[in-house]
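Enquirer: Structure in structure tokens, see below.
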Ligand SMILES: [Zn+2]
């Protein structure tokens, strides 16, 4: 079945008469995810989450279109981890500028970026592009913050953790190594405590904070937990996408 809200699947026959309300751009990364998850973990999650959320929005009567997932992200802190591919933030801005230029010329004024990777930081990019393209309404979202993770998962973490492992067991179990291969995802924190309090920030050198590249113990992960989280988060994202579809960008505040 060709999904009409997935640009990579649809065709000119369908699009020459179409008028979309919202463009969704998933952005991932290509990087090691503990020993047991594939390098494309963030991209696979982004593909599935945006596709399902777009389906939800479409069923409600919205007209979103999902662009292909951009597969490389900011991995400046993983320069010594084999084949983690880094795009610099300035490169991301250049790519995004070209995409926004197309949308702006064609009158597709609503764009939402879906961030599938913690190293991507879209806020300064969105500010700059909003300033350069005043007709555009550009926003972004990321999924782990959309719900209270503690209601779904037992272990904390932010990379190849219980949540990501559960999602991958649900989405692509064929790409997850068997449990005895899973690392513990143990990680070190900065000695300077301010960096752990949320108000001071420095990049972590990944190879020095984690042996297996994971941050967060994956061992309580399960397919069922992944499925439950996936269904709930895509419902929430789908509603957000629908609201963006129908929003009047000249009347956004109350
Ligand atoms: Zn990830």
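The values are calculated or read from the model by the stated rules, or taken from the named source; none is laboratory data. The structure presented is a predicted model; accordingly, all values stated were derived computationally and were not measured. Using ideal geometry, Cβ is built from the backbone for each residue, glycine included, and neighbour counts are taken over all protein chains shown.
Enquirer: Pull out all pairs, ordered by first then second residue, where Cβ-Cβ is under 9 Å, the residues are six or more apart or on different chains, the first lies in segment 4-18 and is more than 20 Å from residue 50 (Cα to Cα), and the second is exposed (fewer than 11 other Cβ atoms within 10 Å of the Cβ).
Expert: That search, which allows pairs on different chains as well, returns 14/2.
Enquirer: Moving to a separate point now. Out of (1) farther than 30 Å from residue 62 by Cα; (2) in contact (Cβ under 8 Å) with a residue 60 or more places away in the chain; (3) exposed (fewer than 14 other Cβ atoms within 10 Å of the Cβ); (4) more than 23 Å from the chain's Cα centre (by Cα), the odd one out for residue 183 is which?
Expert: So the condition that residue 183 fails would be (3).
Enquirer: Next question. Please find, among 34, 11, 43, the residue that is on the phi > 0 side of the Ramachandran plot and out of contact with any strand residue (DSSP E or B) (no Cβ under 7 Å at 6 or more places or on another chain). Reasoning before the result, please.
Expert: Details: 11 fails: on the phi > 0 side of the Ramachandran plot; 43 fails: on the phi > 0 side of the Ramachandran plot.
The conditions single out 34.
Enquirer: I want to confirm something. Restricting to segment 214-223 and keeping residues that are in contact with a strand residue (DSSP E or B) (Cβ under 7 Å, 6 or more places away or on another chain) and not in a loop (DSSP other than H, G, I, E, B), which single residue is surrounded by the most Cβ atoms within 10 Å (Cβ to Cβ)?
Expert: In this case the residue turns out to be 216.
Enquirer: Any idea which of 174, 158 is touching a strand residue (DSSP E or B) at 6+ places or on another chain (Cβ under 6 Å) and either within 12 Å of the ligand (Cβ to nearest atom) or part of a helix (DSSP H, G or I) (or both)?
Expert: 158
Enquirer: For segment 232-251, which positions are surrounded by fewer than 13 Cβ atoms within 10 Å (Cβ to Cβ) and either under 28 Å from residue 180 (Cα atoms) or without any contact (Cβ under 8 Å) to a residue 40 or more places away in the chain (or both)?
Expert: Of everything in segment 232-251, those that are surrounded by fewer than 13 Cβ atoms within 10 Å (Cβ to Cβ) and either under 28 Å from residue 180 (Cα atoms) or without any contact (Cβ under 8 Å) to a residue 40 or more places away in the chain (or both) turn out to be 248, 250, 251.
Enquirer: Okay, moving on. In this structure, is residue 164 assigned to a loop (DSSP other than H, G, I, E, B), under 20 Å from residue 228 (Cβ atoms) and in contact (Cβ under 8 Å) with a residue 60 or more places away in the chain?
Expert: no
Enquirer: Can you go through 80, 84 and tell me which one is part of a loop (DSSP other than H, G, I, E, B), within 25 Å of residue 211 (Cα to Cα), within 16 Å of the ligand (Cβ to nearest atom) and modelled with pLDDT of 95 or more?
Expert: 84
Enquirer: Looking only at segment 229-248, decide whether some residue is in a loop (DSSP other than H, G, I, E, B) and either closer than 30 Å to residue 112 by Cβ or at pLDDT 95 or above (or both).
Expert: yes
Enquirer: Another question about this same structure. Would you check which residues across segment 113-125 are within 20 Å of residue 244 (Cα to Cα) and surrounded by fewer than 21 Cβ atoms within 10 Å (Cβ to Cβ) and list them?
Expert: 123, the sole residue that qualifies.
Enquirer: Now, a different point. Would you pick out the residues in segment 110-135 that are away from the ligand (no atom under 16 Å from the Cβ), over 14 Å from residue 24 (Cβ atoms) and under 21 Å from the mean Cα position of the chain (by Cα)?
Expert: 123, 124, 125, 126, 127, 128, 129, 130
Enquirer: Take segment 185-213 and flag every residue that is within 23 Å of residue 85 (Cα to Cα) and not in a loop (DSSP other than H, G, I, E, B).
Expert: 187, 206, 207, 208, 209, 210
Enquirer: Consider residue 57 against the criteria (1) farther than 16 Å from residue 115 by Cβ; (2) away from the ligand (no atom under 16 Å from the Cβ); (3) surrounded by fewer than 21 Cβ atoms within 10 Å (Cβ to Cβ); (4) touching a residue at least 60 places away in the same chain (Cβ under 8 Å): it satisfies all of them except one. Which criterion is unmet?
Expert: Only one criterion is unmet by residue 57, namely (3).
Enquirer: If a residue has to be within 16 Å of the ligand (Cβ to nearest atom) and either surrounded by fewer than 23 Cβ atoms within 10 Å (Cβ to Cβ) or not in a helix (DSSP H, G or I) (or both) to count, how many in segment 13-46 make the cut?
Expert: The total comes to 16.
Enquirer: Being within 23 Å of residue 182 (Cβ to Cβ) and touching a helix residue (DSSP H, G or I) at 6+ places or on another chain (Cβ under 6 Å) is the filter here; which residues of segment 50-78 pass it?
Expert: Hits for segment 50-78 are 77, 78.
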